[in-house]
Amino acid sequence: MRHKKSGRQFGRDTSSRRAMLRNLAANLITHERIETTDAKAKELRRIADRLITKAARLGKAAHTPQAELTAAEKAKRLHVERMLSAYVPRWGVKTDGTKIDVVEKVLVELTKRFEGRPGGYTRATKLGPRRGDGAPMVVIEFVDAAAPMDKSLPEAPEAITAAEPAEAASAS
C-alpha cells in the first residue's frame, strides 16, 4: 500500500525521475510553455511553483541590481540562487539557439512578473490523447502567457460586417 507516499514514480528509479523533473522545470522556465503528459505536468507544477515561491520570498531584492543591495540582501539573494541552481541546471538553450541563465530568469523576470501573486503560477491545458500510445497530453505554461491555440481546430474565417452584404446585393 502507498499510504502517505506522495509523488508519482513514473516507473523510474529516483535519479532518473529527478533528472527528468529537473529538465522539465528548466525547459518550462526557458520556453515558458511546454507540451508533456498530464501526469508529468501535474508533478512539474508542484516543482515550478516551489522554485518561483522561493525566489519571490526575497521580495524586491530578487530583481534589484547587485550594486543597490545591502550586504544582508546580497547574502539572501546568493542563498536563493544556490538553492535554485541546486535543483535546475544553470543554463538553458532557447529554440533559436541563444543561451539563457535559468536561475537569473527566475530571480529577475519571473519574480517581477508574479509579484503579489500568492501562488498558482502555472496552468495546464489538456490537448487530448497522444497519437502513438494514447497518453493524455497537456500544455503547461505560466498563467500570464496567452492561451494556447488548439491545433485540431481550423482557423476561424473573418467575420462579415453588416455593410458587406448590402454592397454585394447592390453590385449585382
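Taken together, the values in this text are just the output of simple stated rules run on the coordinates, not laboratory data. Remember, it's a predicted structure, so these values are computed and weren't measured experimentally. Note that each Cβ is placed from the backbone with ideal geometry, even for glycine, and that neighbours are counted across all protein chains shown.
Quick one: Debye curve from the C-alpha atoms of region 14-146, no solvent, what's log10 I(q)/I(0) at q = 0.10, 0.18 Å⁻¹? For the requested q values the scattering log ratios are -0.34, -1.01.
Count Lys and Arg as plus one, Asp and Glu as minus one, and take only other residues whose Cβ is under 13 Å from that of Met20; the net charge is then +4.
Here Lys4 is the anchor, and the lysines within straight C-alpha reach of less than 27 Å, apart from those fewer than 8 places off in the same chain, are Lys40, Lys42, Lys54. Binning the alpha carbon pair distances of region 1-66 at 10 angstrom intervals from zero yields the distribution 17, 43, 27, 11, 2, 0, expressed in whole percent.
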